[in-house]
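The values are calculated or read from the model by the stated rules, or taken from the named source; none is laboratory data. What you are looking at is a predicted structure, and each value in this text was computed from that prediction instead of being measured. Backbone-built Cβ (ideal geometry, glycine too); neighbour counts: all protein chains shown.
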Amino acid sequence: MKSLEGQHPLADLCAAFGVSRSGYHAWKNRPPSARAATDAELGRHLCLAHLDSRQTYGSPRLLQALQKKGLRTSRRRVCRLMRQHELHGVKPRAFRPQTTDSRHDQPIAPNLMAAAPAPTGPNQIWVSDITYVRTATGWLYVAAVLDRWSRRLLGLAMAEHMESSLVEAALAQAVRGRRPSAGCLLHSDRGSQYASAAYRAGVAQAGLVASMSRAGNCYDNAAMESFWGKLKTELIHRRKFAHPAEARTAIFEHVEVFYNRRRLHSALGFMSPVDFENQTN
């Protein structure tokens, strides 16, 4: 009725809704209830948390974000307030990379990942992979190295080609930043880049132990596939890039500013990879 007041005579509205004019004015001037005031405050924090997530979080992560601020609420209330404020999380869509070229005569490492126990600390198991990003003027290829324990991205390299130097650059960055002890497992697919002599030399020099997935089986590298899925859902599928340089800048910023340091991961107890490593260490 309040929203209709400027569109119809007040007397007609009161008659239609069966209330007196004095009763309407008393209701209109009544201060908001304690629950309404709390909803308003929670709604404000909810909108800020949604913006801070780059408008990607759904109700589970938004609930965790509010609770980390010391705000007591429930998933049901968060869902209701999300509808009220028209907030939506991003939903993943089906995607399967097709960058692997295993038709080569280079050596293939055994699949040591299959029998490896779950990592209990950093630099025990690293995973790596390549994906690609379409732009209006060409493709950008992205190579990454991820710590399977903390989900932190350790190495990131991008180029307009898929030569072995791309994966070598991502590995070199990870090794420089972490300096892993000898014996860290490094898993990849059977792509020609990962089987190249130059890449294998880099793996050996760093004291890493190479492992490769079974032919045509992306599930052997599930942690890396999960990372690509998040990157594409939360950034790449939401934008159109004019050229590879624009995509390169956006991906670097998303990984270093948001993914590693701020994004809440359910597998990490709703902490970011950096916070998870800092708290554990």
Taking the conditions exactly as written (closer than 16 Å to Val142 by Cα and among the polar types (S, T, N, Q)), does Ser211 satisfy them or not? no
What's the number of the only condition in (1) in a loop (DSSP other than H, G, I, E, B); (2) basic (Lys, Arg); (3) surrounded by fewer than 20 Cβ atoms within 10 Å (Cβ to Cβ) that Arg134 fails to meet? (1)
List pairs: first residue in the stretch 43-61 and over 14 Å from Arg72 (Cα atoms), second residue modelled with pLDDT of 95 or more and acidic (Asp, Glu) anywhere in the structure, Cβ distance under 8 angstrom, at least six positions apart or on different chains. Arg54/Glu234; Thr56/Glu234
Against the conditions (1) farther than 15 Å from Ala223 by Cβ; (2) in a helix (DSSP H, G or I), where does Tyr141 fall short? Just the number, please. (2)
List pairs: first residue in the stretch 171-182 and touching a residue at least 12 places away in the same chain (Cβ under 8 Å), second residue buried (at least 17 other Cβ atoms within 10 Å of the Cβ) and assigned to a helix (DSSP H, G or I) anywhere in the structure, Cβ distance under 9 angstrom, at least six positions apart or on different chains. Leu171/Tyr199; Leu171/Gly202; Leu171/Val203; Ala172/Gly202; Val175/Gly202; Pro180/Ala174
Looking at (1) surrounded by 20 or more Cβ atoms within 10 Å (Cβ to Cβ); (2) under 24 Å from Leu268 (Cβ atoms); (3) of a type outside the set (Lys, Arg); (4) touching a residue at least 60 places away in the same chain (Cβ under 8 Å), find the lone condition where Glu225 falls short. (1)
Filtered residues of the stretch 182-208 (kept if in contact with a Cys (Cβ under 9 Å, 6 or more places away or on another chain) and surrounded by 18 or more Cβ atoms within 10 Å (Cβ to Cβ)): Asp189, Ala206, Leu208
Name, by its number, the condition in (1) buried (at least 16 other Cβ atoms within 10 Å of the Cβ); (2) within 20 Å of Val133 (Cβ to Cβ) that does not hold for Ala245. (1)
The stretch 140-170, residues that are over 22 Å from the mean Cα position of the chain (by Cα) and touching a residue at least 24 places away in the same chain (Cβ under 8 Å): Glu160, Met162, Glu163, Ser164, Ser165, Leu166, Glu168, Ala169
